[in-house]
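For reference, the structure discussed in these notes is given below.
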């Protein structure tokens, strides 16, 4: 049966300012995929030259949000002969169907905000929002390099420009309860912009999405359903969709702020929205309380939630992902506190989180930490890569704790602490050894931050006096090569890893060894976060700064 088709029109006829092309994000970056090239006749963030290391702009905040109420229900779409995007790019219904299927084969695995079964049921019944469908089609076509021969590929760039240059929330999310489809569209744009146009504006967009989620109560979904009639009438299937959206926002809040060295907006200790219970539609609106799993207010209890999540195989991967993100957030918090508190207080914090990290590792199902695919368990290739992403979260958490170790700033304890950093980087590289580049679109590209951080500290390990004396260079060279190649695969798709790749190369070429532990201490004192502007500025001038430490 053919998919019904819809006409998706641009409701705003006024001209939209176009965004800067990918090439202008960094003049040194060259994309091998023509789908990544963009057109612009206006100025936006242009971090080229020396300023490219920060990749931050000065964008203007939008007007306040109107608080008039709306309905939770999705907006029906109107059937037509073709799916039309922004009145300038036309997808015949067969190609629209192909792109929607492609979305669920790739990007959906990185952002599980939909139930595939429920989405296609509503799409075939013409119940999906036109704006949401057009957003999915444009983003999927852009990421996969899909174009129509009879259309100018430039039109796709213009449509994407219109989507990303429109107001962030105010025009689309009107009222205290926006529609589910409206919010999903806004989330997808925030996710896409963060990875394809990293900078001040994308960071602000993520923050607004997070605050809007708080405003409508997604952080306490199971409480407001009992208190407010407009939520109590929402179907079980839609509540599960809202849950999925909330936990994806939780992920986005984690790595957008962790990578920027800014505080999280979401408070892990006061979340009253349970993890997702099912991928599929259910006939009953009754939720089994025994299956409700919540992020505990006490991080020490997180391993208990992990053990319970292991009893629900249908949602195991998604829920373990949320749990490992929560663990990574704790490690990131310790790194941030390291800049603010005394060294004595940090030692206790590191020990506390390391104990909790150990219990999480031991609470995982057997074979979970195996970097190879569990063939005897019939683990699919996509599940293998989804699982290894969660392992990378834990390895990154350990690396951040090792970097925060005050022993790295003390001469007598430095060597042992520096060895812990090497161990964490080696663990990350061992996972990259098993990586299949064909899954780079299917997993969360934010894992590039982990690859980048490991590369920086492996390069330092190679150039430090004590590491050289232990003859680790051949192994370190292999780890650097593997991680470098993995980052390059992500860089063929996303701008963010391209910038990280250039930053690493600039750092590696500008810093020469051998380095003493005093040099390492100086570098660590500058490390606030992978995308923090002061750290990126340091990367471009590290050699001169280290020369002053002789």
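Against the conditions (1) closer than 24 Å to residue 527 by Cα; (2) modelled with pLDDT of 95 or more, where does residue 412 fall short? Just the number, please.
It fails just one condition, (2).
Being more than 25 Å from residue 205 (Cα to Cα), at pLDDT 90 or above and part of a helix (DSSP H, G or I) narrows it down to one of 103, 123, so name that one. Explain how you work it out, then say what you get.
Values: 103 fails: more than 25 Å from residue 205 (Cα to Cα).
Just one listed residue meets the conditions, 123.
Inspect all residues belonging to region 253-271 and state whether any of them is over 18 Å from the mean Cα position of the chain (by Cα) and surrounded by 19 or more Cβ atoms within 10 Å (Cβ to Cβ).
Looking for residues that are over 18 Å from the mean Cα position of the chain (by Cα) and surrounded by 19 or more Cβ atoms within 10 Å (Cβ to Cβ), one finds at least one in region 253-271, hence yes.
Given the residues 137, 173, which is the only one that is in a helix (DSSP H, G or I), buried (at least 22 other Cβ atoms within 10 Å of the Cβ) and modelled with pLDDT under 95? Steps first, please.
Details: 173 fails: in a helix (DSSP H, G or I).
That would be 137, the only listed residue that is in a helix (DSSP H, G or I), buried (at least 22 other Cβ atoms within 10 Å of the Cβ) and modelled with pLDDT under 95.
Output the residues belonging to region 424-454 that are touching a helix residue (DSSP H, G or I) at 6+ places or on another chain (Cβ under 6 Å), assigned to a loop (DSSP other than H, G, I, E, B) and free of Cβ contacts under 8 Å to residues at least 60 places away in the same chain.
Answer for region 424-454, where residues must be touching a helix residue (DSSP H, G or I) at 6+ places or on another chain (Cβ under 6 Å), assigned to a loop (DSSP other than H, G, I, E, B) and free of Cβ contacts under 8 Å to residues at least 60 places away in the same chain: 435, 440.
In region 195-225, how many are part of a helix (DSSP H, G or I) and on the phi > 0 side of the Ramachandran plot? Steps first, answer last, please.
Residues of region 195-225 that are part of a helix (DSSP H, G or I), as a first pass: 195-196, 200-216, 218-225.
Cutting the leftovers down to on the phi > 0 side of the Ramachandran plot gives us none.
Residues that pass the stated criteria total 0.
One residue is enough: does region 145-155 have a residue meeting the conditions at pLDDT 90 or above and not in a helix (DSSP H, G or I)?
Narrowing region 145-155 to residues at pLDDT 90 or above: none.
No: zero hits.
Give me a count of the residues in region 347-378 that are more than 24 Å from the chain's Cα centre (by Cα), assigned to a loop (DSSP other than H, G, I, E, B) and surrounded by 12 or more Cβ atoms within 10 Å (Cβ to Cβ).
3
Step by step: first the residues of region 156-168, then only those that are in a loop (DSSP other than H, G, I, E, B) and surrounded by fewer than 20 Cβ atoms within 10 Å (Cβ to Cβ), then the one that is modelled with the lowest pLDDT. Which residue is that?
If we filter region 156-168 for residues that are in a loop (DSSP other than H, G, I, E, B), which is where we start, we get 166-168.
Imposing the further condition that a residue be surrounded by fewer than 20 Cβ atoms within 10 Å (Cβ to Cβ) reduces the set to 166-167.
Values: 166: 71, 167: 55.
Of everything passing the filter in region 156-168, 167 is modelled with the lowest pLDDT.
If I ask for residues that are assigned to a helix (DSSP H, G or I) and either farther than 25 Å from residue 118 by Cβ or in contact (Cβ under 8 Å) with a residue 40 or more places away in the chain (or both), which ones from region 226-238 would you list? Outline the logic, then answer.
Going through region 226-238, the residues assigned to a helix (DSSP H, G or I) turn out to be 226-227, 229-232, 236-238.
Within region 226-238, 227, 230, 231, 236, 237, 238 qualify.
Could you check how many residues of region 80-97 are surrounded by 16 or more Cβ atoms within 10 Å (Cβ to Cβ) and modelled with pLDDT of 85 or more?
4
Inside region 510-550, can you point out the residues that are buried (at least 17 other Cβ atoms within 10 Å of the Cβ) and not in a helix (DSSP H, G or I)?
Listed by number, the residues that qualify are 511, 515, 516, 527, 528, 529, 530, 531, 532.
What number of residues within region 405-419 satisfy the criterion of being without any contact (Cβ under 8 Å) to a residue 40 or more places away in the chain and buried (at least 17 other Cβ atoms within 10 Å of the Cβ)?
Our first condition is that a residue be without any contact (Cβ under 8 Å) to a residue 40 or more places away in the chain; within region 405-419, this holds for 407, 410, 412-413, 416-417, 419.
Add one more test, that the residue is buried (at least 17 other Cβ atoms within 10 Å of the Cβ), and what stays is 407, 417.
Here the count works out to 2.
Every residue, every condition in (1) modelled with pLDDT under 85; (2) closer than 20 Å to residue 256 by Cβ, yes or no:
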residue	(1), (2)
457	no, no
463	no, no
499	no, yes
520	no, no
530	yes, yes
550	yes, no
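What number of residues within region 510-531 satisfy the criterion of being out of contact with any helix residue (DSSP H, G or I) (no Cβ under 7 Å at 6 or more places or on another chain) and within 13 Å of residue 456 (Cβ to Cβ)?
Residues meeting the conditions: 1.
Right, residue 486: crowded, with 22+ Cβ neighbours inside 10 Å, out of contact with any strand residue (DSSP E or B) (no Cβ under 7 Å at 6 or more places or on another chain), modelled with pLDDT of 95 or more and assigned by TED's automatic domain parsing to the domain that holds residue 422 or not?
On the way: crowded, with 22+ Cβ neighbours inside 10 Å: yes; out of contact with any strand residue (DSSP E or B) (no Cβ under 7 Å at 6 or more places or on another chain): yes; modelled with pLDDT of 95 or more: yes; assigned by TED's automatic domain parsing to the domain that holds residue 422: yes.
Here the answer is yes, as residue 486 does meet what is asked.
The values are calculated or read from the model by the stated rules, or taken from the named source; none is laboratory data. It should be emphasised that the depicted structure is a prediction, and the values quoted were computed from it without experimental measurement. In this analysis, Cβ positions are derived from the backbone assuming ideal geometry, glycine residues included, and neighbour counts consider all displayed protein chains.
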